[in-house]
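Derivation of every value follows stated rules applied to the coordinates shown; laboratory data play no part. Because the structure is predicted, anything quoted here is derived from the model rather than measured. Here the Cβ positions follow ideal geometry from the backbone for every residue, glycine too, while neighbour counts run over all protein chains shown.
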Amino acid sequence: MQYVHTIDGPLILGIESSCDETAAAVVRGGAQALSNVVASQMSLHANYGGVVPELASREHLRNVVPVVREALGRAGVSFADLDAIAVTEGPGLAGALLVGITYAKALAFALGKPLIAVNHLEGHIHAVLLEARASAGAPMQLPLLALVVSGGHTHLYLAEHTAGEAGAAPWRYRNVGRTVDDAAGEAYDKVAKLLGLGYPGGPWIDALARLGNPRAVPFHFAPIRTRDASHGKAPRTAAGASSTSLDFSFSGIKTAVLRYTQTHPELAEGIAARRRALTAQPGLKPASDEAATLCDAQTLDLIASFQHAVVGNLLRQTFAAAERFGAHGIVVSGGVAANSELRRRFHAEADRRGLPIAFPSLALSTDNAAMIAAAAWPKFVAGEFAPPALGATPQLRLG
Ligand code: KG4
Ligand code: ZN
């Protein structure tokens, strides 16, 4: 069924505080972002080499009121104009989530407006749909197949309406595939580190892979025998079907790259030289000529072959899932969705099959609240509101 958007739909304030970004946005009808404000704590946590939960909560507390006020101001609306307040319920850091949830609950109660709880991963899917709805292109239709691929996730979801009801039905997500070990972005980061490249590894491998031969080193993905998590015995496919698994595994290719470097000792000198160069110039850009000259042809071929294999695997599993479940379109989100080879090959395959496909713009690919307000829209239409006792669910799953 067609997913129609109306730009005079409900006005929803979204609030996001699951990790190190305090964000608020006002979105109309799930399609029109009137504002999208993000206060990032990245520089604060960079001193510690990762997100410090206590510091994150304290920063959210400091930021949430001014960020919400700015979101309303930029949208040119007042609290009274809002139809609902949406907030990230999980997954994320417990203390950080609680700041947004407590504030959203107080606001909803004080204003007498409904509160809507949103799964952060569902938000990432709707970041793409928000832009697809707002653009003049063909609307995306349910069921949709979503690939969420980042440093922490490699998941396939089928997004569909709950049985039987069309427009006013809330969306339902089915997790039809997931990584059984590393996430794809994690494999990029680990392989980049192994080869003496910078962090995060994705942009480095993306830039350098263009200079190598993707067929130089044949990497293979063995079929996955997924086991049921609760019993650890019976072979399982994530979809519950008897056919080939739609799950992913990226630890094997990471080990294969390691083994390749061990059996090709001539690569060691280059790896050490790149590590030295990056220590001396931490600001070196992946796409710079200098970064390219730090790599010999054999290393570039290895990088290109690794990426070609990873993207090929993501592509095969995603399109196999789309076909198996009769998806009417594909949505790709998460940090790895920025990869240029992935975008090119996914677009080409989708065109070949006549399937609409959508990726997020850079502004909406990182954590933001516009995606939370957009994901809340079908819930608002369906009257799916959160109870006043809503709490944080740090391990919340989707589907
Ligand atoms: O979604 P994200 O920003 O953060 C979380 O993981 O939550 O994703 C970061 C991941 C990192 O592993 C990074 O190496 C990868 O996305 N990444 C890329 C590219 N840009 C970022 N991977 C491949 N190609 C890229 N161009
Ligand atoms: Zn996120």
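List of remarks:
- Mean residue ellipticity (222 nm) of the chain, computed from DSSP H runs ≥ 4 via -39,500 (n - 2.57), nearest 500: -13500 deg cm²/dmol
- Choice from ASP289, ASP206, ASP20 with maximal GNM fluctuation in the chain (Cα, 10 Å cutoff): ASP289
- Extension gain (nm, one decimal) between ALA389 and ARG316, 0.36 nm per residue minus Cα-Cα: 22.0 nm
- By the Stokes-Einstein formula, at 0.692 mPa s and 37 °C, the stretch 184-355 with its Kirkwood radius over alpha-carbon pairs has D equal to 188 µm²/s.
- Between ALA280 and LEU44, full extension at 0.36 nm per residue minus the direct alpha carbon distance yields a gain of 82.7 nm.
- Ratio Rg/Rh, restricted to the chain and using Cα atoms, in which Rh is the Kirkwood radius: 0.99
- Using Cβ point charges alone (K and R +1, D and E -1), the dipole size of the chain about the Cα centre works out to roughly 620 debye.
- Ranked by how many other Cβ atoms sit within 10 Å of their own Cβ, fewest first, the residues HIS347, HIS60 fall in the order HIS347, HIS60.
- Taken as Cα centroids, the stretch 22-84 and the stretch 273-341 sit 31 Å apart, rounded to the nearest whole angstrom.
- Its relative contact order, with pairs defined as Cα atoms under 8 Å and 6+ residues apart, puts the chain at 26 percent.
- Lys-Lys pairs in the stretch 184-355 that are eight or more residues apart or on separate chains and whose Cα atoms lie under 20 Å of each other come to 4.
- Residue of SER135, SER40, SER57 that the Gaussian network model of the chain assigns the largest fluctuation, springs spanning Cα pairs under 10 Å: SER135
- Taking other Cβ atoms within 10 Å as a rough exposure proxy, GLU54, GLU122 sort from fewest to most as GLU54, GLU122.
- Neighbour counts of other Cβ atoms within 10 Å put CYS295, CYS19 in the fewest-to-most order CYS19, CYS295.
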